[in-house]
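Visitor: For reference, the structure I am asking about is given below.
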Amino acid sequence: MNASWAFSDDLPQGVIWIALVLGLGALGLLVFELRRRERWGAGIFLTGVVAVLLLLAAALRPVRVVSRGSVVGPRVVVLVDDSRRLELKDGEQTRREAALKAVEQVKQRFSDARISVLGFGDGAPKNLDPQSPDEKLGHSTSSDLVEALSSLGDETGERPRAIVVLSDGRLTRPEAGAEREALELAWRGLGVPVHTVRVSEKAPRDASIRAVKTAGAAVAHQPLALTIDIGCDGGLACGDVPITVKELRQGVEPALLASGVAQVKDGKATVELKVTLDRAGDRILEVAITPPSADTIPANNRRLLSLNVARERIRLLHVAGRPTYDVRALRMWLKSDESVDVVAFFILRTEEDDTQTQSDDELALIPFPVDELFMSLPSFDAIVLQDIDAVRYGINPHLGRLASYVESGGGLIMVGGVASFAAGGYASTAIGRVLPIELNDSGQPLDTEDFVPRYTRAGKAAPIVSGVRDLFGDDLPSMPGTNVVGGARKGSVVIWEHPSLTAGKEPMPVLSLGEYGDGRTIALTVDGTHRLGFGQLATRAAGRGYGALWDGLLGWLMREPRYESARLEIVGGACVAGRATKLKLSTLPGNPGPVSLELALLGIGKAGVIERKAQLGDEGVVEIDVGALQAGGYVARARVGDAPATRQDFACEEGGEAWADSRPDPERMKAIAQVTGGSSVALGRIQDLPRAEATRLATERHVSAWIPAWLWSLLAALSLGVHWLVRRRSGLI
């Protein structure tokens, strides 16, 4: 049982304070008036004090409070840093292992308390399983203590009596030097001490890439400045540190884009390197340093950047063997598209032509600059070869270079004609292996019979021709013959097929899509697509069919998202090496086709291909578990049913941003404790943390007046009367 006194419960707190201030004012006036008395000074003072006190009692009506209850241990919240940064090692154990051991010591120190163990990182803190806390830690990319404290302050119910934070101090928020400003609002709702336990205080011997920043957006063919911050700590002597920037590609060695040397002074250095990326889309860059041999954390010597490279304009090379109607239609369409920067060459004369001149200087027509064009392939985003003979016009020696260009991420479209595909000498060459269809140089290379192509099942589902199908449905114009080709290569997709010609047991492909290395290729075996813009069928869409087809072909070649059949993304936003990774595939609802996924490590022969099968849900979404991946750049290709494959390149880092700066920050931990009225201790001094006050639970409470309110009023009136009489006899009145 506990007894105490209080003022009447029906009085607002402000009224109580006003009454007390007025009472003190009355006593002050009484002391001032005593200097004018003639006699009876003690009587005046005594009766005046009694009158003021009884008057206050009559107004405030003090009561007696008797409560019966029990005392329970205080609620203490332990916040453990959930960042991957705590997986760094200090000696034989990681900082996380040290933090988990410290949790047990905190429990012993507050053995009489009710302890909640939470992990804080991104967003609100999360409960940790006391049986297996390591399974739920280390998934956050940041450690936001401000958000964690704000979440605790917003909770309803019992507030904690104390908070204990376990971290190395390298927090996302509050930032160093701004602890008071950042914590003021978050901590105000709690008003309890925040104690900090420093799980690490000594910087390891480590040279690291602390940050890689880009100046502006990445645009293909334009220089991009990379600002690289290097750190060197723990007494490690760094001096000059070599830096390289490489682009990771599929099936080939990384391409060196830039290199330099960082001159480390006072433990830090900043280097700016410029790189130029020739291809748009998702690109993976590797920024790496060569640290001194005494470096203890090799994982942060390499950073993998996933850049989405934009394209200011499509740089396209259009090479045609003769000025046909189809060649002219394509050239006019390319020239009319302001997003395309086209370089076009048509063969108007050959070496066999008799020009009846003594030198080429007398001619307006220049020779075909085959060597100049094909030596500068990386400057183009896509190449269109249309009805041009590889042998006759000297392209054949450059086909190996053209295949390497596609493998490195370039785009290639081969359009039919009397000198295309096998008829143009491309069979059994490097470019023949790049195309999505088989080529052979035996048999008849051309079929001159008119025909109407038909859509395959994949073609009806492919976004690449959705614009044409929106205009004409399943109808297509008659084509004036076709090149004869073989069947589709494995992994290729046939959009149009021939109604009568076959390649083996399957209909012969007419329009096919494929991928080779990092690039994409298209094989179109006809030279009559201009009939989508000119002809009887074209009038149904006012000639817009031709542009709709080539918009889709060029857009798919350049990996525009609107022409992809699906979209891939990493669940959680980032891939962490050694942790389970899931990819989320999204497509339009209503496509129930099976999903096949292939995942490969960028580079040469570093790991096998991971294959997964799945089935789309009703909403057109499925998550695919690809397991724990090693550090590196990856390419994922997913196909839904017969639709063209969707590609996603991503980076998987071991430590990433969390390991970039391995230094602990004990001073920040001390500042946090000082701002909140708590204590900061090292790992071995947890027993020095002050204990929290116990929580009293009241189960029964009785309130009774000391004396009735009317009696307080009567006594106050009598005392005022006595005081008035004494003042009168003393001469004050």
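The values are calculated or read from the model by the stated rules, or taken from the named source; none is laboratory data. Here the structure is a predicted model, which means the values were calculated and not measured. Note that we place each Cβ from the backbone using ideal geometry, even for glycine, and neighbour counts take in every protein chain shown. Accessible surface areas use protein heavy atoms only, side chains included; no ligands, DNA or RNA. Shrake-Rupley method; radii C 1.70, N 1.55, O 1.52, S 1.80 Å.
Visitor: Which one is modelled with the highest pLDDT among residues in the range 147-183 that are under 18 Å from Arg84 (Cα atoms) and among the β-branched types (Val, Ile, Thr)?
Guide: Top of the filtered list is Val165.
Visitor: Could you run through the range 498-537 and say how many residues are touching a strand residue (DSSP E or B) at 6+ places or on another chain (Cβ under 7 Å), under 22 Å from Arg433 (Cβ atoms) and of a type in the set (Asp, Glu)?
Guide: Final tally of qualifying residues: 1.
Rundown of residues vs (1) buried (at least 20 other Cβ atoms within 10 Å of the Cβ); (2) of a type in the set (D, E, K, R); (3) at negative phi; (4) modelled with pLDDT of 90 or more, yes/no style:
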site	(1), (2), (3), (4)
Glu657	no, yes, yes, no
Glu667	no, yes, yes, yes
Lys670	no, yes, yes, yes
Gln687	no, no, yes, yes
Glu693	no, yes, yes, no
Leu697	no, no, yes, no
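Visitor: Something else about it: Of all residues in the range 633-646, which are in a strand (DSSP E or B) and either open to solvent by less than 10 Å² (accessible area, probe 1.4 Å) or over 18 Å from Lys613 (Cβ atoms) (or both)? Spell out how you get there, then give the answer.
Guide: First pass over the range 633-646, keeping only residues in a strand (DSSP E or B): 633-640, 646.
If the condition is that a residue be in a strand (DSSP E or B) and either open to solvent by less than 10 Å² (accessible area, probe 1.4 Å) or over 18 Å from Lys613 (Cβ atoms) (or both), then Gly633, Tyr634, Val635, Ala636, Ala638, Val640, Thr646 are the ones that fit.
Visitor: Could you grab me the full set of residues in the range 144-176 that are open to solvent by less than 70 Å² (accessible area, probe 1.4 Å) and in a loop (DSSP other than H, G, I, E, B)? Even if it seems obvious, please write down each step before you answer.
Guide: Taking the range 144-176 first, the residues open to solvent by less than 70 Å² (accessible area, probe 1.4 Å) are 144-153, 157, 160, 162-172, 174, 176.
The answer is Gly157, Pro160, Asp168, Gly169, Arg170, Leu171, Thr172, Pro174, Ala176.
Visitor: Please indicate, with yes or no, whether at least one residue in the range 50-72 is within 17 Å of Pro666 (Cα to Cα) and touching a Leu at 6+ places or on another chain (Cβ under 6 Å). Walk me through how you get there before you give the answer.
Guide: Within the range 50-72, the subset within 17 Å of Pro666 (Cα to Cα) is none.
No, the range 50-72 has no match at all.
Visitor: Okay, next question. May I ask you to verify whether Thr525 is in contact with a helix residue (DSSP H, G or I) (Cβ under 6 Å, 6 or more places away or on another chain), hydroxyl-bearing (Ser, Thr, Tyr) and crowded, with 20+ Cβ neighbours inside 10 Å?
Guide: Against the criterion (in contact with a helix residue (DSSP H, G or I) (Cβ under 6 Å, 6 or more places away or on another chain), hydroxyl-bearing (Ser, Thr, Tyr) and crowded, with 20+ Cβ neighbours inside 10 Å), Thr525 does not qualify.
Visitor: I would also like to ask the following. Output the number of residues of the range 228-248 satisfying the condition of being at pLDDT below 95 and either in a loop (DSSP other than H, G, I, E, B) or hydroxyl-bearing (Ser, Thr, Tyr) (or both).
Guide: 6
Visitor: Which residues, counting only those in the range 295-345, are open to solvent by 40 Å² or more (accessible area, probe 1.4 Å) and farther than 30 Å from Gly535 by Cβ?
Guide: Thr296, Pro298, Arg302, Ser306, Asn308, Ala310, Arg311, Glu312, Arg313, Arg315
Visitor: If you take the residues in the range 354-369 that are open to solvent by less than 70 Å² (accessible area, probe 1.4 Å) and at pLDDT below 60, which one is nearest to Ala548 (Cα to Cα)?
Guide: Filtering the range 354-369 for residues open to solvent by less than 70 Å² (accessible area, probe 1.4 Å) gives 355, 357, 359, 363, 367-369.
So of that shortlist, the ones also at pLDDT below 60 come out as 355, 357, 359, 363.
Numbers: Thr355: 41, Thr357: 45, Ser359: 45, Leu363: 39 Å.
Ranking the candidates gives Leu363 first.
Visitor: Now for a separate question. Give Leu511, Leu583 a once-over and let me know the one that is open to solvent by less than 10 Å² (accessible area, probe 1.4 Å), closer than 30 Å to Phe380 by Cβ and assigned to a strand (DSSP E or B). Full working, then the answer.
Guide: On the way: Leu583 fails: closer than 30 Å to Phe380 by Cβ.
Testing whether each residue is open to solvent by less than 10 Å² (accessible area, probe 1.4 Å), closer than 30 Å to Phe380 by Cβ and assigned to a strand (DSSP E or B) leaves just Leu511.
Visitor: Go through Gly617, Gly605 for me and flag whichever is at positive phi, modelled with pLDDT under 85 and either open to solvent by less than 50 Å² (accessible area, probe 1.4 Å) or in a loop (DSSP other than H, G, I, E, B) (or both).
Guide: Of the residues listed, the single one that is at positive phi, modelled with pLDDT under 85 and either open to solvent by less than 50 Å² (accessible area, probe 1.4 Å) or in a loop (DSSP other than H, G, I, E, B) (or both) is Gly605.
Visitor: Pairs please, first residue from the range 532-543 and part of a helix (DSSP H, G or I), second anywhere and surrounded by fewer than 15 Cβ atoms within 10 Å (Cβ to Cβ), Cβ atoms under 7 Å, 6+ apart in sequence or on different chains.
Guide: none
Visitor: So which residues in the range 102-128 are outside any strand (DSSP E or B) and either over 22 Å from Ser142 (Cβ atoms) or β-branched (Val, Ile, Thr) (or both)? Give the steps one after another, and end with the answer.
Guide: Taking the range 102-128 as the starting set, the residues that turn out to be outside any strand (DSSP E or B) are 102-113, 121-125, 128.
The answer is Val103, Glu104, Gln105, Val106, Lys107, Gln108, Arg109, Phe110, Ser111, Asp112, Ala113.
Visitor: Within the range 184-217, restricting attention to residues that are under 21 Å from Leu689 (Cα atoms) and at pLDDT below 75, which residue is surrounded by the most Cβ atoms within 10 Å (Cβ to Cβ)? Don't jump to the end; show me each part of the working.
Guide: The first filter runs over the range 184-217 and keeps only residues under 21 Å from Leu689 (Cα atoms), leaving 187, 190-201.
Those left that are additionally at pLDDT below 75: 187, 190.
Details: Trp187: 24, Leu190: 20.
Within the range 184-217, the match that is surrounded by the most Cβ atoms within 10 Å (Cβ to Cβ) is Trp187.
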